[in-house]
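J.: What follows is a single structure, and I will ask about it in a moment.
The values are calculated or read from the model by the stated rules, or taken from the named source; none is laboratory data. Since we're looking at a predicted model, the values are computed, not measured. Note that each Cβ is placed from the backbone with ideal geometry, even for glycine, and that neighbours are counted across all protein chains shown.
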Amino acid sequence: MSVPRALPVALAALLLSGCGAQIEQQGGEAATATVDRCGEPVEYRVPQRVVAYEGGSADKLFSLGLTEHVHGYVMPPANPPVTESPWAAEYAKVEFLSDDLLNRELVVDAKADLVVAGWNSGFSDQRGITPKILDGLGIQSFLHTESCFNYPEFPERKTPFEALYTDLDRLGKIFHVEDRATEVVDGLKKRVDAVRAATPQGEPVPVFLYDSGTDQPFTAGAQVPPTEIISFAGGRNIFADVDARWTKVGWEAVVERQPEVIVILDYGDKPAQEKIDFLRSSPTTATLPAVVNNRFHVLDYNEGISGPRNVDGLEGFAEYLKTVPRG
């Protein structure tokens, strides 16, 4: 079984440099930029008190050198400790606001002028915190493009890695650090291209992403980063034909598709080893080829949700997959 790497690669380390981005001013006022929020054009002021929900949001901001514009972050227990992040030094410079789910009261109390989160993974109709509601309060919002797949009224569909690059470009425009965004995106693309160029020949290895669940497994559909992490590394997500983001499936479907490798998404509050133990002990999954051959790869939670660490996850899985025989 492979384990998450403790340190990012050298290029990722460059992204956490402490130099803050320089924001242009026009006529003594902060410049504005019109940028799409999913499929809706929105005019953004340059934010000064950003609240980021989960590691993917904060990582995107930190990678662009925008730490001075981040007031704080909300990090539910599912997220691994920020001390394990390649941007640990940047997290230490801003305020930890809550380990709860994102909510309107928290954002208002923080005097946020921008909230960065995903749709249904931060923003939520049920919890009464949506971009429309925040617009009414004079608080700007930014949605991860990957989550726009099912955003009401303004859906937007991009492949997961393209969505990551789009977010970095859009944040670059909002904060007027377009050159920095281009540099970061180009660096990520080069790393992805290097992995894809070294993919072993042969049939893609069938891979099952196990997020959680015992009665029914929760897994990755076509619209989330692990599907491209798997495919770019030379595998095939056995549920890549499910046009969804994170979704429940049946164990019968997992058994029918006979995965040769199982990727375990490692949560802060749901350790990978517990999930592996369950798969080994359950009569339904104990005879799967991946379980019989002990082919488990652990993907850090923040490598699986939209953010720069997707590329770290890709590089780690690609190295692991080179050890797996191909048909």
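J.: If a residue counts only when it is over 30 Å from residue 272 (Cα atoms), at pLDDT 95 or above and not assigned by TED's automatic domain parsing to the domain that holds residue 270, which strands (runs of 3 or more DSSP E) contained entirely in region 57-172 have at least 3 such residues?
T.: Result: 140-143.
J.: Consider residue 222 against the criteria (1) surrounded by fewer than 24 Cβ atoms within 10 Å (Cβ to Cβ); (2) part of a strand (DSSP E or B): it satisfies all of them except one. Which criterion is unmet?
T.: So the condition that residue 222 fails would be (2).
J.: Then there's this: Kindly list, by first and then second residue, each pair from a residue in region 90-107 that is hydroxyl-bearing (Ser, Thr, Tyr) to a residue that is in a loop (DSSP other than H, G, I, E, B), limited to pairs with Cβ atoms under 8 Å and residues at least 6 apart or on different chains.
T.: Filtered contacts from region 90-107: 91/85; 98/75.
J.: Among the residues of region 294-327, which ones are more than 15 Å from residue 231 (Cα to Cα) and assigned to a strand (DSSP E or B)?
T.: 296, 298, 300
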